[in-house]
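Some notes on the structure that comes next.
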């Protein structure tokens, strides 16, 4: 039994019975034209080769890549698609719309190889992250794939109960993340931004450590969430607070392995040996040079929304309808101000997310400094129009770092971001 590393969250778990491909993402420009890879595999289909089963953990485009799946299945049509029983079934619905027929299962068997897919749920029910984890076992050996899952004890307990001996031989664990903070936020000073970057890096490293201590695998690999912002966003990469995987290895020594890039490096669970490892951190200057070489001329909305410059977009009625819909899904009881600042003019749209009696939307130029708490969003008009009309999704815009934000006070409010994810007509 062995694990072969391809890129980011993409691995192939190989047993004598089957080859199982996980989360292949290889289409450049994920998240509406924001995300790119380094180093790049010239032919990922060939690098992966034939597999028996493709597991997709969740709907985010660096895990579910429909364009690549169509390419791969055109060459290897015998591969089956499997996803977990997440509720609501966002991934299943999207895959069917895209022309796939995924098997929705909690347990699968391929010969003597057994699979368990566990949604990222806690006692309160499905989480907003809509993720899942995969456990694979065969004849006393096991692999756990946690991809992007936030730590949930109930999920961890189910995965460990599936592992022979109560712990995995090899665990693929998250060490990074895809949020917009701190790189797209305004800070009072460069020192405050630098402190936020350092805190984020430490948060990611501590998240890996928590999983490592709880799962206690024989060997672990930091993986998933490996991406770089392209185009005009490339300057933000140094501010994301994401550690190199080798920093994780430095903290945990021989318990952690970082397999080499290229799609051929493996870790053998029987011998406990890696065929090739990466020993040097990535050079950010080389990454920047690669990103500058990409032909990233525009984001998705710039290509797909060819709007007449003289056309006045119906923002006020769209925003009023979006607020009404979102308040039907997420209740914010106290006043909270959302200020949307389209880049084409000096005016902004003002909404009180916590008040049904106030005017739904105001169109104002100033007078925002006295409002607190508030979230200011600086965004392209076309992208805002596309988000409100469901051409795009707020979560993708957020994860793609495609708008800038300012919070007053600078405090994370999960309910506000849940509201935004429902903020569409």
**Study point:** Simple label model, 7 Å out from Cα along Cβ direction - residue 343 to residue 279, nm
**Key:** 4.4
Review point. Just the Cα atoms of the stretch 117-265, one point each, no solvent: what log10 I(q)/I(0) does Debye give at q = 0.11 Å⁻¹?
Key: -0.48
Revision key, fill the gap. Under the helix-only model (-39500 (n - 2.57) for each DSSP H run of 4 or more, divided by the residues of the chain), the mean residue ellipticity at 222 nm, to 500 deg cm²/dmol, is -8000 deg cm²/dmol
Check your understanding: How big is the chain by the Kirkwood estimate over distinct Cα pairs, in Å?
Key -> 22.8
Review point. Quick one: of the DSSP bridges fully inside the chain, what percent are antiparallel, nearest 5?
Key: 65
Check your understanding: When 221, 422 are ordered from fewest to most other Cβ atoms inside 10 Å of their Cβ, what list results?
Key -> 422, 221
Review point. In a Debye calculation with equal point scatterers on the alpha-carbon sites of the stretch 205-253 and no solvent, what is log10 I(q)/I(0) at q = 0.32 Å⁻¹?
Key: -1.32
Review point. Please state the relative contact order of the chain as a whole percent: Cα pairs under 8 Å, 6+ residues apart?
Key: 15
Review point. How big is D for the stretch 316-375, in µm² s⁻¹ as a whole number, if Stokes-Einstein is applied with the Kirkwood radius of its Cα pairs at 25 °C and 0.890 mPa s?
Key: 206
Check your understanding: So how tilted is helix 153-162 from the main axis of the chain? Cα-based, degrees 0 to 90, rounded to 10.
Key -> 20
Exercise for review: Provide 157, 186, 333 in ascending order of the number of other Cβ atoms located within 10 Å of each residue's Cβ, fewest first.
Suggested key: 333, 157, 186
Practice item. Quick one: angle between helix 190-215 and the longest Cα principal axis of the chain, in degrees between 0 and 90, rounded to 10, please. Key: 40
Check your understanding: Over the stretch 276-425, what is the relative contact order in whole percent, taking alpha-carbon pairs under 8 Å and six or more residues apart?
Key -> 26
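Read-outs: derived from the displayed coordinates by stated rules, not from any lab. Computed from a predicted model, the values in this text were never measured in an experiment. Quick reminder, even Gly has a Cβ in these numbers, built from the backbone with ideal geometry, and neighbours come from all protein chains shown.
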